[in-house]
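Inspection log for the structure reproduced underneath, given as structure tokens.
Laboratory data are not the source of any read-out in this text; all were calculated from the coordinates shown. Here the structure is a predicted model, which is why all the values come from computation and not from measurement. Here the Cβ positions follow ideal geometry from the backbone for every residue, glycine too, while neighbour counts run over all protein chains shown.
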Amino acid sequence: MIPQFAGNPGMIAGWVRWLRAGGQLDEWADNTHAEVLFASQALLLQPTSQVLNLGCGWGRHALALANAGLRVIGLERRSDLLALAQDTGQKMSLPVRWVLGSLDDLILSEPVDAIVLFHENPLSLTSGPAEALFVLEQYHSLMRERGRLLFGSSDWVADPPQHQQTRTQTFDGTETLCRQFDSHNRTVNVHTYTQARDGTRQELAHRFWHPTMDQMGSLLSSAGFNVQGRFNSFTFLPFEAGLPGLIWLAQKR
């Protein structure tokens, strides 16, 4: 997960340049070890387990999993993020199989024992139930019998604000993020306006589905998973519906 500007390619590129130049990570990255420990226990990972880290970004979780002795595959769509992950892995002498692209680009010699997405809910990145079910069925096809799936974000809320606007100073300029939630269709329209330091302006628009908790649970069941647990964050604290965050733990039937 990339903070704030996850949907903005230009801002992500600036963030990668900043990190390569020696930029220091903020406190949101300090929980990597604890999150990986939770994932390892929740997914019932053993030293010989093979885990697929989807949306691995610059590799902080994938590398921590590899450092724990696991066989790790890191899949990422952005080449600049994956290049940073590869370079970091080489410096740390950690063997991770890095794959650039989407699930369609992934070739496996054997099913994986677990799939994990840290700080991301793939169902909320789809256009609706049909696409979300297709995504879960793809995961299901990549996993061994009784393999486990862990995904979600600690900032999820059942009903986002109808209107929300934030302005952030980033590494290459200023980003204004405008969100509109349609509670009837359960869709979120996101408009991102950026202004670089050189005066260049850019506008991006995205539309996502925002499923309810019940809808997500039903989709997991339809895709062939049994829900093993729900959490507000990547910890074993009991789930509280009134708090933000929703992390799903499921097992392939």
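Some values worked out for this structure:
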{"read-out": "Cβ-based exposure ranking for V227, V188, V51, in which fewest neighbours within 10 Å come first", "value": "V227, V188, V51"}
{"read-out": "Relative contact order of the chain, defined on C-alpha pairs under 8 angstrom at six or more residues apart (%)", "value": "18 percent"}
{"read-out": "Relative exposure of S102, S93, S40, judged by other C-beta atoms within 10 Å (fewest first)", "value": "S93, S102, S40"}
{"read-out": "Against the rule of thumb 2.2 N^0.38 Å, how large the Cα Rg of the chain comes out", "value": "1.00"}
{"read-out": "Placed amide H near G147: partners under 5 Å, 5+ positions off or other chain", "value": "K252"}
{"read-out": "Table column - 3J(HN,Hα) (Hz), segment 116-130, Karplus curve with 6.51, -1.76, 1.60, x for Gly and Pro", "value": "9, 10, 8, 6, 7, 10, x, 5, 8, 10, 9, 8, x, x, 5"}
{"read-out": "Estimated inter-spin distance, V157 and Q138, nm [label 7 Å along Cα→Cβ]", "value": "2.9 nm"}
{"read-out": "3J(HN,Hα) from dihedral phi, segment 220-230, Karplus parametrisation 6.51/-1.76/1.60, rounded to Hz, x for glycine, proline", "value": "4, 5, 5, 7, x, 10, 9, 6, 9, x, 10"}
{"read-out": "Test item: Cα-centred dipole of the chain, Lys/Arg +1 and Asp/Glu -1 on Cβ, debye", "value": "300 debye"}
{"read-out": "Extension gain, L108 back to L243 (0.36 nm per residue minus Cα-Cα distance, nm)", "value": "44.8 nm"}
{"read-out": "Net dipole in debye of segment 163-208 [+1 Lys, Arg Cβ; -1 Asp, Glu Cβ; about Cα centre; nearest 20]", "value": "140 debye"}
{"read-out": "In Hz, Karplus ³J(HN,Hα) per residue of segment 76-87 (6.51, -1.76, 1.60; θ = phi - 60°; x = Gly, Pro)", "value": "8, 7, 8, 5, 5, 5, 5, 4, 5, 4, 4, 4"}
{"read-out": "Using alpha carbons only: equivalent-ellipsoid semi-axes of segment 163-208, gyration tensor based, whole Å", "value": "25, 10, 6"}
